[in-house]
1. Just need the Rg to Rh number for region 1-123, please, alpha carbons only, Kirkwood Rh.
2. On a C-alpha basis, how far is the centre of region 81-106 from the centre of region 6-35 in Å? Whole number, if you could?
3. Is the shape of region 226-278 best called rounded, prolate or oblate, per the rule: a/c under 1.5 gives rounded, else a/b larger than b/c gives prolate, else oblate, with a ≥ b ≥ c the square roots of the Cα gyration tensor eigenvalues?
4. Report the gain in length on full extension from ILE252 to MET61: 0.36 nm times residue separation, minus Cα-Cα distance, nm rounded to one decimal.
5. Straight-line reach from LYS11: which aspartates and glutamates have a Cα under 13 Å away, not including same-chain ones fewer than 8 places off?
6. To the nearest µm²/s, what D does Stokes-Einstein give for the chain at 37 °C and 0.692 mPa s, using the Kirkwood radius over alpha carbon pairs as Rh?
7. Please list 3J(HN,Hα) in residue order for region 66-78, calculated via the Karplus relation 6.51 cos²θ - 1.76 cosθ + 1.60 where θ = phi - 60°; whole Hz, with x for glycine and proline.
8. I need CYS138, CYS279, CYS248 ordered by Cβ neighbour count within 10 Å, fewest first.
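Each value in this text was obtained by applying a stated rule to the coordinates, not by laboratory testing. Every value quoted in this text rests on a predicted model; they were computed, and no experiment measured them. Positions of Cβ are generated from backbone atoms using ideal geometry, with glycine treated the same way; all protein chains shown enter the neighbour counts.
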Amino acid sequence: MSSTPSIFVTKSNGTRVPFSLEKLQQSLKRAGAAPDLVEKISDELYEQIYPDMPTRTIYKMAYSMLKHASRSVAGRYRLKQAIFELGPSGFPFEQYIAELFRQAGYLTTTNNQIGGHCIMHEVDIRAVKNNRVYIIECKYHQLQGTHCDVKIPLYVQSRFEDIAWKMKDSQHSSQQEYQGWLITNTRITSDATQYGVCMGLNMLSWDYPAGKGLKDIIDKTRLYPITCLSTLSRQEKYRLLEKRVILCRTLIEQPVLLKNEHILNSRYDLVLAEAQHLCENISTLEWA
């Protein structure tokens with residue numbers, strides 16, 4: 001394909017943007033699609049794009065084509081959607097983030113009640129490793145196009161400061177480093193980013209920090225959520241999530257979990273094979 005079509009498509013938040021064939025190809029390559037498959041899908045989609053076509057429709061078409069070629073590549077391609085499926089309550093998202101820290105060597109607890117200098121606080125995740133103590137607030141959004149504006153880090157930072165004030169009064173304060181975190185499955189606005197950087201608040205979103213966002217961490221660690229799996233039904237995924245089975249890696253390590261859900265015979269083999277392909281080629285687990 002020699003040029004990008006001069007055509008506008010509609011994003012999930014309603015804004016119209018020029019369709020970028022290059023971005024589509026990059027997302028396919030990042031998922032692990034071979035060059036010939038990238039070219040094939042690009043050619044087919046190019047012929048079907050029409051003015052104001054929803055980007056979600058383009059994504060669904062590309063995913064369908066990928067799934068017929070390689071389920072594991074399709075699973076990586078649908079990662080963003082898979083993270084959105086860690087809902088609707090957001091609790092599975094908190095569990096997933098806790099798993100990311102746990103796999104990186106942190107001792108994590110969720111649904112914490114932690115006393116601050118002024119009041120008690122509900123803390124999504126407390127993560128501890130060596131002398132580091134992280135107080136983590138997760139902001140899960142179910143709808144694409146929803147961003148974290150500056151009110152969110154303002155709120156998170158004020159809570160963290162109250163908790164850290166109390167912690168630093170304890171007898172072990174000199175031996176520990178306290179840090180606050182805001183982690184979201186969508187994006188963070190520029191004002192929110194500016195405030196977080198200024199205040200020293202760690203922030204992690206789908207694509208922030210650049211090159212080290214949530215999508216980059218998952219691709220490097222291969223800690224894919226089970227919602228990436230195309231061989232499981234939505235109901236099967238939700239039942240596993242309810243039992244706190246979050247990672248594809250967990251299914252590989254404990255395949256009996258599939259049998260407990262009556263996933264047997266050829267489907268059992270298909271699910272395990274897809275999970276194993278998704279988890280191949282781990283770069284590192286020490287991301288934090």
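1. The Rg/Rh ratio comes out at 1.15.
2. Between the Cα centre of region 81-106 and that of region 6-35, the gap is 26 Å.
3. Here region 226-278 falls in the rounded category.
4. Residue separation times 0.36 nm, minus the Cα-Cα distance, leaves 65.8 nm.
5. ASP52
6. In µm²/s, the coefficient is 160.
7. 5, 4, 6, 8, 7, 5, 5, 5, 4, x, 5, 5, 8
8. Ascending Cβ contact count within 10 Å gives the list CYS279, CYS138, CYS248.
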